[in-house]
Each structure stands twice: as C-alpha cells, then as structure tokens.
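No value in this document is a laboratory result; all are computed from the given coordinates. All values reported here derive from a predicted model rather than from experimental measurement. Virtual Cβ from ideal backbone geometry, glycine too; neighbours counted across all protein chains shown.
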Amino acid sequence: MPKYYRTAGAIAAITLAAFAVTPSASASPSDGVTILGVPPAPASATRPAAQPARKQPLSIVDSDAAGRQPFQAQVSLSLTNNVVAVPIPAGKRLVIEHIESTAAAASASGPVQPYVTVFASQPASGQATYLYVENPLAALPQQFSVAQQVTLYTDTLYLGIAFAGYTPTYISMGVTVSGHLITP
C-alpha cells in the first residue's frame, strides 16, 4: 500500500476518533460547554462499611434477573425548561442502558452545538455529570440527534441541556432514557 494511503487512513482515523460520541465525566467552563441549569445537590451520605472477606467464591448466577423491571422515560427540554427530574421509585436503582435524543437549536450570532446533560447520583458515591453531544443532521444543519448505548447506575436522575458555541436563541430537545430498575 502506498505511503499516501496509509497517511490518509491514519488522518481519517484520528478525525473520526475526535468526533466520536463519548460521555464526559464532567464539564467546566474551560471546556467551552455551558450547562443550562443545575439540579439540587444530592443529600450527603456515608459510604457503606467494608464487608469481611469471603471464604467461598461469589455466585455467578444472574440473581437479580427476576427482580428487574423495564424502565423508560421521555422528557422535553427547552431554554426555559432546561433541567427535568426523572422520578425513580423509592427503594429502586435505575440502570440506564440507552439514551436517545433529538434537538433543534439556532443562534442569531453563529453556530451552536447542543448536548444532553445527565446528572446521576447514588448516596454512596455522590453525583456525576455526563455530556452526550448531539450530532448535526447533514440535510438539516439546525437539527441534531444522538443515540448512545450506556450503562449508568443511579438513584436520582436529572436530564438537562448544555451547549457549546454561540448562545442559542432557540433550543428544544426531546430525550428518551431506557433501562431497568433493580433493588440495590
């Protein structure tokens, strides 16, 4: 294979990797992303005490399969409704397996890039923020979508909007979260 094709292939691979949809553990103003609205801070809790060492191996049976309950929630977000709580039944933990969203965003000043913001928390580990970039649709530059397979465990869940680029004059987003509920 000629050297030119290997170099072009490497550049294409690097370019694709740079635009891959991956969640960010957190965002800060230096990332160039503005998060619209922040959910209330989770209640502080202590970590569970360490368990004594086991003398027998752990079971490898899928013991919680019978207790799993399917879960799906859909929310609508906008500039004025930019953070929404997703109710999780008391005594249950949500295992998010898929996040899907479509959005429309525009700015009078220039390009805008919307993100789905997921605020997930558990009493023992605190809150984590995940950002999922909305990919622009080629035929409709102000329309965006993302579909991401994930595995997130959470006891409380808020979904919100974030953006990069110019401040949007309009942003609307529909988000669907699906997975299952378990008893922690």
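Just to verify a number: FRET efficiency for Asn81 and Ala139, C-beta to C-beta distance, R0 = 30 Å, to 0.05?
It comes out at approximately 0.60.
Quick check: residue separation of Gln122 and Ile182 times 0.36 nm, minus the Cα distance between them. What number comes out in nm?
Roughly 20.3 nm would be gained on extension.
Given just the C-alpha atoms of the range 68-184, how large is their convex hull per residue in cubic angstrom?
About 93 Å³ per residue, rounded to a whole number.
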